[in-house]
Amino acid sequence: MNKRDFLKTTGALALGALVLPRKALSVSSTHGEAYTLPSLGYAFNALEPTIDAQTMEIHYSKHHQAYVTNLNKALADVGTEYHGLSIERLCSMVSPDQLALRNNAGGHYNHSMFWKWIAPGGAREPMESTSELIQLSFGGFEAFRKIFTDTAKNRFGSGWAWVIRQENNKLAVVSTPNQDNPLMASVVDAVGVPILGIDVWEHAYYLNYQNKRTDYIDAFFGIINWTAVEDSLRKATRG
Ligand code: MN3
């Protein structure tokens, strides 16, 4: 079995056992109501100097808002089975050819999670369960950091690098193009629940870092809110 087939197989297994909530706090839509931009919860300058206030403001109030607006528009063109779902559930249902739904549901979910994973405060290093799984899955934090950094650095063009929790209770580092994410079972090779992700679209870092994506990834490690990561892992494990 080659790596791709292996990932497909484990992905399929993971999908079968994934329990995706119909509703999730602050990222959800209820019965036909439009999706809304979640509160950022902190000031645009709160992550300086790692992420400058102007980048945060444009990223949140322009880019993320546009995904929300266009997601609500895209929902008008698909069947009612896609209406009123949690954003997680919606992501899990999109098919590759539903481009508007796929791009904008992904954009909404990905950014909603990203703001939490970089929120100021919280633990400054991996907490109990996260730390244990990093050890088990990668052999140690430095090995994990190298894999994550290389994966994010090598994503060609725009996209994301993720840490996902797989059904075998191990973590894996994967990357997706554009606004795809590992919940999109019909779209991606490696399915799992994201517990951490980094946006490597140029809009996430270009004002501060220009073409130096690796510097941005290095700096990102200094603003990860590991309490939020632990929380994502707990939610992913609860299923
Ligand atoms: Mn972005």
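Summary of computed values
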| item | result |
| --- | --- |
| Region 23-165 shape via C-alpha gyration tensor axes, a/c threshold 1.5 | prolate |
| Enclosed volume per residue, in Å³, of the convex hull spanned by Cα atoms of region 59-139 | 138 |
| Over region 96-197 - Rg/Rh using Cα atoms and the Kirkwood inverse-distance radius | 0.97 |
| Computed [θ] at 222 nm, helices only, for the chain once each DSSP H run of length n ≥ 4 contributes -39500 (n - 2.57) | -13500 deg cm²/dmol |
| Largest-first principal axis extents, alpha carbons of the chain, Å | 46, 45, 31 |
| Rh (Kirkwood; distinct C-alpha pairs) - region 142-239, Å | 13.9 |
| Relative contact order, percent, the chain [alpha-carbon distance under 8 Å, six or more residues apart] | 26 |
| Above-threshold pairs, the threshold being 29 Å between Cα atoms, out of 116/153; 212/235; 73/146 | 212/235; 73/146 |
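Each reported figure results from applying straightforward, stated rules to the coordinates on display, with no laboratory input. Predicted, not measured: the structure shown is a model, and the values here were computed from it.
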